[in-house]
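To start, the structure itself, in structure tokens.
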């Protein structure tokens, strides 16, 4: 209960964020840390949920930026080496396959698909899909974003699954794995091509992307389509989630700027 005690005694977000950075690795096997579920105050629970997941979102975004930098550096500065260095070529091919890139040497293709997910969008979808961390799927399957599977070996049956349906709710080893799958899904799936294109076209000079703007591209994420988009906008605006974008892009400004300069954008 140490984290909860700190949260109750001190409302300063900086202290909360610093503590979370060190404590993320101690997450329970399934779902959020148990102390989260003992919080009775709704606003306090939301703060815990957002701050805890923000750290994991930032962590995965850093991993994506490393892949992005590798591709930019390789295609811009080490292109001739690709024919001689088998390890370099293998890594590029691995990334190409991971993100479903068509042209191995098309930098533009990579840049459209290998990029960060704005924290405000990720957190809004996490809140909606997991009921702010209270759903059965996150508690029993570490499934934050409602991912399906048709493999019963790695899934659990939804309680309200329609008769004749055969899908399962995918079970993840950790919350980190769920976030990684969510981000890869948005970055490579053709269903989110509009998201990928708009992110690429609407980047600002400092590399900051608006989660609120990109939430409008999530038409294919849910069966309720436009209603889902309205819900995401409401969650982002109603909970000031854009503040997480400002926090994140402030930290990564130099890294994003470096990538843009190397790419000649």
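Computed from the coordinates by the stated procedures, all read-outs in this text should not be read as laboratory data. Predicted model only: the values in this text are computed from it and were never measured. In this analysis, Cβ positions are derived from the backbone assuming ideal geometry, glycine residues included, and neighbour counts consider all displayed protein chains.
Annotations for the structure displayed:
- For the pair residue 134 and residue 105, label points projected 7 Å from Cα toward Cβ lie 5.6 nm apart.
- Of 213, 235, the sequence from fewest to most neighbouring Cβ atoms within 10 angstrom is 213, 235.
- Sorted by Cβ neighbour density within 10 Å, fewest at the top, the residues 202, 147: 202, 147
- Maximal additional length on extending the residue 83-residue 174 stretch stands at 28.9 nm, based on 0.36 nm per residue less the C-alpha distance.
- Between residue 224 and residue 93, the distance separating the two model label sites (each 7 Å from Cα on the Cα→Cβ line) works out to 4.6 nm.
- Proxy reagent accessibility, fewest Cβ within 10 Å first, across 144, 39: 39, 144
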